[in-house]
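These notes are about the structure you will find just below.
The values are calculated or read from the model by the stated rules, or taken from the named source; none is laboratory data. Everything quoted here is computed from the prediction, not taken from an experiment. Reconstructed Cβ throughout: ideal geometry from the backbone, glycine too, with neighbour counts over all protein chains shown.
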Amino acid sequence: MRILIKGGRVIDPASRIDAVRDIYIEEGTIKKVSANLKLNKTNIKVIDARGKVVVPGLIDMHTHLREPGREDEETIASGTRAACQGGFTSVCCMPNTQPVTDNQAQVEFVMSKAQKEGWVNVYPIGAITKGLSGEELSPIGELKEAGVVGITDDGEPVANSMIMRRALEYSKMFKLPVISHCEDKNLSVDGLMNEGYFSTILGMRGIPRQAEEITVSRDIMLAGMTGGHLHIAHVSTAGSVEMIRRAKRMNIKVTAETAPHYFTLTEDAVKTYDTNTKMNPPLRTASDVKAIKRGLQDGTIDCIACDHAPHLDEEKNQEYELAPFGIIGLETSLPLILTELVDKKVLTLREAIKKVTLNPARILGLHKGTLAVGADADITIIDTRLTKTIDKFESQSKNSPFIGYKLKGFACYTIIGGRICLAEGALVSR
């Protein structure tokens, strides 16, 4: 398909472009980026992007697609459909499926299924240890050969420091980031929310910030020791932000992500007893939210990731203590970024776009995240003025604390490999 995107504000941090431009796409590739393009070609689909923002396709580096094993919560088809609706052209799926993605056959299953049924590009993340047990390394070289772009035991910390050391050493050989779920489970055991004033008055067992920060500190030291690439997932505390900031100043190879709920909500939200406020790490304090925003501003936190974690209504609709951790996020991430960070002048639009395009692409070694000539035509067109109330989802699960929120800024077109998958805010049949 030939596509001409006309008159949009093109923001491409990789090429340092922020100007009104036209983009011409042919055979799935960006062929021309210029002002007032005039083409002597026929059969061109023209998209009027005047008043809209045109950016590289959004990349989420932390998505739980649940397949195989929990297709009742989400499937590769439904999860990638939600990603497309949210403006994402690429997602990285976590390995804590059933069975775990800790071998070549499981990676190939995910990639094959995504090729057949996926709406967006899917990049598997492999497990650090077999079965997420924390006891024996997965065959990292085999996983890399099969196509993983990183390794993690997300959902479970690697408690054994020697195992984590070896993971960083081996991953360095294969140029893979080690994505760390930082949690000391001896401290967080049976915890339901952030430990502090609100956990006390609500009578809930708390998860102290030190459960995250102790492991962040250890993993940074191991990264400095090995020279491996450590990526810290879902940063939620001020202490973690400061340790990552210091590590970067020391030239330790560490990168980090946070999720929209950690710069939008605080532990105060738990007072409603809505189990959609239950996540791990938990919602923290107002001072932590302030520190997360400051970390995003100064580059300490490189990326914003959804940590999309679907659960059934019947799983969430029970007592707070019994409900599982996690919320969905693929369809609310972009408007939360634009509403909470850009509109409130925490980040410029260009800075915000960089954290969901160029930065995750660089961390994971993906040939994505740019609108340069010759790049894959993965493009998101955003209506930054469009306001909606969050009330429905393409995701198979609906566990979001943002239902009823009025947010501004949504994807109106999602183009993947030159194929229009979302047009004027509506999904287009595969």
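What to note about this one:
- The set of residues in the range 365-392 that are out of contact with any Ser or Thr (no Cβ under 9 Å at 6 or more places or on another chain) and closer than 21 Å to residue 230 by Cα comprises 365, 367.
- Pairs with Cβ under 9 Å, 6+ apart, first in the range 96-109 and in the same structural domain as residue 76 (by TED's automatic domain parsing) and among the acidic types (Asp, Glu), second modelled with pLDDT of 95 or more and surrounded by fewer than 18 Cβ atoms within 10 Å (Cβ to Cβ): 102/130; 102/131; 102/139; 108/147
- Within the range 131-159, residues that are assigned by TED's automatic domain parsing to the domain that holds residue 96 and in a helix (DSSP H, G or I) have Cβ atoms under 7 Å from residues that are of a type in the set (D, E, K, R) and at pLDDT 95 or above in these pairs: 131/102; 132/153; 132/156; 146/108, counting only partners at least 6 apart in sequence or on another chain.
- Of the set (1) closer than 30 Å to residue 147 by Cβ; (2) not in a helix (DSSP H, G or I), all apply to residue 362 but (2).
- Spans of helices (runs of 4 or more DSSP H) in the range 172-276 with at least 1 residues in the same structural domain as residue 162 (by TED's automatic domain parsing) and surrounded by 24 or more Cβ atoms within 10 Å (Cβ to Cβ): 209-226, 238-249, 260-264
- Of the residues making up the range 397-430, those that are among the hydrophobic types (A, V, I, L, M, F, W, C), closer than 21 Å to residue 115 by Cα and part of a strand (DSSP E or B) number 6.
- Among the residues making up the range 303-341, a single one is touching a strand residue (DSSP E or B) at 6+ places or on another chain (Cβ under 6 Å) and on the phi > 0 side of the Ramachandran plot: 307.
- Only one of 351, 394, 340 that is acidic (Asp, Glu), touching a helix residue (DSSP H, G or I) at 6+ places or on another chain (Cβ under 7 Å), surrounded by 15 or more Cβ atoms within 10 Å (Cβ to Cβ) and part of a helix (DSSP H, G or I): 340
- Being in contact (Cβ under 8 Å) with a residue 12 or more places away in the chain, buried (at least 24 other Cβ atoms within 10 Å of the Cβ) and touching a helix residue (DSSP H, G or I) at 6+ places or on another chain (Cβ under 8 Å) holds for only one residue in 75, 63, and it is 63.
- Qualifying residue in the range 40-50 (condition: assigned by TED's automatic domain parsing to the domain that holds residue 179, surrounded by fewer than 18 Cβ atoms within 10 Å (Cβ to Cβ), over 24 Å from residue 423 (Cα atoms) and more than 17 Å from the chain's Cα centre (by Cα)): no
- For the range 2-33, residues that are without any contact (Cβ under 8 Å) to a residue 24 or more places away in the chain and farther than 19 Å from residue 350 by Cα total 1.
- Tally, over the range 306-337, of residues that are of a type in the set (A, V, I, L, M), assigned to a helix (DSSP H, G or I) and in contact with a Pro (Cβ under 7 Å, 6 or more places away or on another chain): 2
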